[in-house]
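Below is one structure, written out as structure tokens; comments come after it.
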Amino acid sequence: MKAHLLYEAQDFDFGAGLPAGHEELIQDLELTTLLQAMAAGDEFLFDVSQKMLLTSLHDPEAIRYRGSWPTASPSPGSSGRCTP
């Protein structure tokens, strides 16, 4: 089954390289902790998460496609707002 969560008519390119300056971006935003938590020790998940976070999206149609995802509904009886 192809879920096509990122692109409507194509798969994620696992072989794509990281963008120029990715080391500085990871350091500046302190993304290593986030990436390690997402991967939970799995090197493949670390690499994929890193590529997804750092890959820019420029195609307006792809941006609209991702923006059309359904959003989660609040649970019954909930206002849907976060309260302290």
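The values are calculated or read from the model by the stated rules, or taken from the named source; none is laboratory data. Being a predicted model, the structure only gives us computed values, none of them experimental. As a convention, Cβ positions derive from the backbone with ideal geometry for all residues, glycine included, and neighbour counts pool all protein chains shown.
Note on the range 50-74: residues that are modelled with pLDDT of 85 or more and among the hydrophobic types (A, V, I, L, M, F, W, C) total 3. Residues in the range 33-55 that are exposed (fewer than 11 other Cβ atoms within 10 Å of the Cβ) and within 17 Å of GLY15 (Cα to Cα) were compared, and the one that is farthest from the chain's Cα centre (by Cα) is GLU43. Annotation: GLY17 fulfils all but one of (1) under 28 Å from SER68 (Cβ atoms); (2) assigned to a loop (DSSP other than H, G, I, E, B); the unmet one is (1). Within the range 1-26, which residues are farther than 17 Å from PHE44 by Cβ, exposed (fewer than 10 other Cβ atoms within 10 Å of the Cβ) and either at pLDDT below 85 or hydrophobic (A, V, I, L, M, F, W, C) (or both)? Listed by number, the residues that qualify are MET1, LYS2, ALA3, ALA9, ALA20.
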